[in-house]
1. Taking R0 as 41 Å, what FRET efficiency do you get between Val12 and Ala82 from their Cβ-Cβ distance, rounded to the nearest 0.05?
2. Quick one: net charge of Ser8's neighbours, Cβ under 13 Å, K/R +1, D/E -1?
3. Give the relative contact order (percent, whole number) for the chain; include only Cα pairs under 8 Å separated by 6+ residues.
4. List the aspartates and glutamates whose Cα sits under 16 Å from the Cα of Lys71, skipping any in the same chain fewer than 8 residues away.
5. D for region 1-87, whole µm²/s, Stokes-Einstein with Kirkwood Rh over alpha-carbon pairs at 10 °C and 1.306 mPa s: what number?
Amino acid sequence: MGSTEYISTVGVSDVPEGEVVRAVVAGKEIAIYNLNGQFYATEGLCTHGHTVLAEGYVEGDLIECRMHGGKFDIRTGKALVAPCTVDLKSYPVKIEGENILVAVPQDSVEPRS
Ligand code: FES
């Protein structure tokens with residue numbers, strides 16, 4: 001049985017509007033985004049080639065991977081542009097004061113290959 005709890009990550013002011021930052025939560029690489037003042041979180045590694053998504057580019061509601069130009073919907077994690085075909089997991093976010101909290105399931109740590 002896994003549990004999901006909100007874990008404090010970075011500060012609201014650490015993620016400017018239209019930006020993405022990298023964080024590690026419960027040993028997992030995640031990406032945190034600010035779209036017009038709304039915060040979102042997804043898995044932090046591209047499902048195509050495990051590139052860090054926070055090194056990519058936010059374009060509207062999409063994150064573009066810097067490696068091969070694949071794109072995902074930031075709000076849902078859905079893979080939208082080739083070569084990406086596997087969706088990102090997206091995680092619930094809540095704001096407490098100045099902190100961004102992200103709920104990453106504790107039992108979803110995938111084995112590294
Ligand atoms: S590693 Fe991200 S598009 Fe290939």
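1. Values: r = 34 Å, r/R0 = 0.82.
According to the calculation, E is roughly 0.75.
2. On the way: positive: Lys94; negative: Glu5, Asp14, Glu96, Glu98.
Residues near Ser8 contribute -3 overall.
3. Values: 264 pairs, mean separation 32.8, N = 113.
Result for the chain is 29 percent.
4. Glu19, Glu43, Glu55, Glu59, Asp61, Asp87
5. Details: Rh = 13.0 Å.
Answer from the Stokes-Einstein relation: 122 µm²/s.
No value in this document is a laboratory result; all are computed from the given coordinates. Just so we're clear, the structure is a prediction, and the values are computed from it rather than from any experiment. Heads up, the Cβs are rebuilt from the backbone with ideal geometry, glycines too, and the neighbour counts pull from every protein chain shown.
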